[in-house]
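**Student:** Handing you a structure now.
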Amino acid sequence: KHGSLNKYHHSHPLRERARKLSQGILVIRFEMPYNIWCDGCKNHIGMGVRYNAEKKKVGTYYTTPIYRFRMKCHLCVNYIEMQTDPAGCDYVIVSGARRKEERWDMRDNEQVLPTEREDKAKLETDAMYRLEHGVADRAALQRAVPTLASLQEAQSAWKDDFGLNSMLRRRFREEKKTLREEEEEAAALQAKAGLSIPLVREAEEDRRLAALLKYRSPDCASRPGGGGAGEAPRAGPRR
């Protein structure tokens, strides 16, 4: 009779998310596409922060719809509006915030540029332009061959993930064993000498300085005939 439980209860399948559907608004879970600064509280909102946003269609770019998203800042009462930009394959801020500029020019970064609409149409219709474009592409490829070769060589060095992981784990076990032996040796020395201070690792400079030192008894230098540095005291006549 009713067809579904939603019709029976006079409710929408999306429940509260569709409360403004008559106005063309659907509540969705929106994820911030890049870092922004809120105009209300001046706080930073990081990329990936999620909001309950009102999604609404505001136009089209050729046949691609343009959607606008309206959400409330989680730190203040300010509302932020953003919309899609199909022409630039990006999101643009309409109001309530400003973008944290972290963009760069693809030409300066030596990235592969997408073919513009005009160039694409010219490639399809102009044979001479297509030939010149192909020659330029082959020249760019020849210039990039050394860089590509070095990247492939570096990538092949990290190709065997299992072998690299095994080597790192083996090295970690050896270092852990060495540290444990040093800690046991230091603990035994502290117990033998009755020391309560922590012992640091022996350095080459400390070993060199210790080899240069010579010790003698404090009373040897004051007595006549006492031994010099590094010499045992001479025995005098007994009384």
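Read the figures in this text as sums done on the coordinates, not as results from a lab. Everything quoted here is computed from the prediction, not taken from an experiment. Positions of Cβ are backbone-derived with ideal geometry, glycine not excepted, and every protein chain shown enters the neighbour counts.
**Student:** Within the stretch 58-101, which residues are under 14 Å from His44 (Cα atoms) and in a loop (DSSP other than H, G, I, E, B)?
**Tutor:** Across the stretch 58-101, the qualifying residues are Cys73, His74, Leu75, Cys76, Asn78, Gly96, Lys100, Glu101.
**Student:** Oh, and also: Looking at (1) touching a strand residue (DSSP E or B) at 6+ places or on another chain (Cβ under 7 Å); (2) closer than 14 Å to Ile80 by Cα; (3) in a loop (DSSP other than H, G, I, E, B), which is the only condition Gly48 fails?
**Tutor:** (2)
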